[in-house]
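One structure below.
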Amino acid sequence: MSVKLEEIVKITPRGAKRIFDPMVEEYPVTLYLNGQKMISLMSTPQDLKELGVGFFYLKGLIKDIQQVNKIEIERSTVKTGAVVYIDSHEKTSKIKDFFELSEESILTRNEEKKTYPFEADFQTVLRRYGLTEKGLFEMMEGFSQKSELFVKTGGVHSIGLYEKGEAVLFYDDVSRYNTYNKLFGGILLNRITPENKMLLTTGRIPSEVMTWIIQNGIRCVLSISAPTNGSVQLARKHGVTLMGFVRGERLNLYA
């Protein structure tokens, strides 16, 4: 677990006090594809295989896990970080083309400007995923406390793929986007079919993330935070159930 104690000053109504506060450490991770350095990310140093595979998959550089020949991880210190080498059957795009590709990840660039009707039935959603209302809130509460790093530091985002209230996959990271890299990498590496499963996250849901969700066949998303208007419109158009601010015994049903 990447936690370091740092001396801070804690301010309360009782005054100022010096304490040592547990803080999550960032870890530089460099990703190579077919021998070509593609990008360096700041991450937590767990689940690096999933991080690399998921990153290249979401960028369209890996279409399927069967295209991956070999994955190697070279670890070092927290300062120097780690390197993930992935060899693929697919020809690697040039770096210029890669970053142009990274800018074109929304299904349709103007799609979020359209407005789609709101059609949702909460009880139907619960029956579809084999949950009661109480069971859904208990699932989300358990999810929010599942990350030891978050409980100790409050400094990471979490993500999970759940089925009938139980975790199929779970990851955390200092970066919200890295949690999606890890989740979709885990789906590929474990050959999991995401249909009929729920995606739970602590982070916001922007339209780019909703695009990944739609393209991978996930039809139900729950977040402790908020979606953007663009992601709501995408969810409504493509039949994705979207819930935000799922906290305690309350939630907002957007689609």
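At-a-glance table
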| read-out | value |
| --- | --- |
| Filtered residues of segment 1-53 (kept if outside any strand (DSSP E or B) and more than 30 Å from G185 (Cβ to Cβ)) | P13, R14 |
| Check on Y116, of a type in the set (F, W, Y), surrounded by 12 or more Cβ atoms within 10 Å (Cβ to Cβ), assigned to a loop (DSSP other than H, G, I, E, B) and in contact (Cβ under 8 Å) with a residue 60 or more places away in the chain | yes |
| Filter result (among the polar types (S, T, N, Q) and farther than 21 Å from K164 by Cβ) within segment 206-247 | S207, T211, Q215, S225, T228, N229, S231, Q233 |
| Whichever residue in segment 143-156 is without any contact (Cβ under 8 Å) to a residue 60 or more places away in the chain and under 17 Å from the mean Cα position of the chain (by Cα) and, among such residues, is surrounded by the fewest Cβ atoms within 10 Å (Cβ to Cβ) | Q145 |
| Extreme residue, nearest to L48 (Cα to Cα), among residues of segment 1-21 that are hydrophobic (A, V, I, L, M, F, W, C) and surrounded by 10 or more Cβ atoms within 10 Å (Cβ to Cβ) | M1 |
| Matching entry among V29, V9 (being more than 25 Å from S158 (Cα to Cα) and not polar (S, T, N, Q)) | V9 |
| Out of R204, R191, sole residue that is within 23 Å of S147 (Cα to Cα) and surrounded by fewer than 19 Cβ atoms within 10 Å (Cβ to Cβ) | R204 |
| Every pair of residues 6+ apart whose Cβ atoms lie under 6 Å, when the first sits in segment 180-193 and is outside the structural domain of I86 (by TED's automatic domain parsing) while the second is surrounded by fewer than 17 Cβ atoms within 10 Å (Cβ to Cβ) and in a loop (DSSP other than H, G, I, E, B) | none |
| Every residue from segment 127-136 that is surrounded by 15 or more Cβ atoms within 10 Å (Cβ to Cβ) and either over 24 Å from the mean Cα position of the chain (by Cα) or assigned to a helix (DSSP H, G or I) (or both) | L136 |
| Residue within segment 233-253 that is in a helix (DSSP H, G or I) and aromatic (F, W, Y) present | no |
| Single residue of segment 22-48 satisfying the filter (touching a residue at least 60 places away in the same chain (Cβ under 8 Å), in contact with a Leu (Cβ under 8 Å, 6 or more places away or on another chain) and crowded, with 17+ Cβ neighbours inside 10 Å) that is nearest to V3 (Cα to Cα) | V24 |
| Residue that is nearest to Q46 (Cα to Cα), among those in segment 137-161 that are out of contact with any strand residue (DSSP E or B) (no Cβ under 8 Å at 6 or more places or on another chain) and part of a helix (DSSP H, G or I) | E148 |
| Among residues of segment 209-232, those that are assigned to a helix (DSSP H, G or I) and crowded, with 17+ Cβ neighbours inside 10 Å, counted | 9 |
| Filtered residue count, segment 162-198, keeping only those that are over 24 Å from Q67 (Cα atoms) and in a helix (DSSP H, G or I) | 1 |
| I214 being touching a Leu at 6+ places or on another chain (Cβ under 8 Å), of a type in the set (A, V, I, L, M) and either touching a residue at least 40 places away in the same chain (Cβ under 8 Å) or in the same structural domain as V246 (by TED's automatic domain parsing) (or both) | yes |
| Residues that are among the aliphatic types (A, V, I, L, M) and within 14 Å of the chain's Cα centre (by Cα), drawn from segment 215-236 | I218, V221, L222, I224 |
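The values are calculated or read from the model by the stated rules, or taken from the named source; none is laboratory data. Everything quoted here is computed from the prediction, not taken from an experiment. Heads up, the Cβs are rebuilt from the backbone with ideal geometry, glycines too, and the neighbour counts pull from every protein chain shown.
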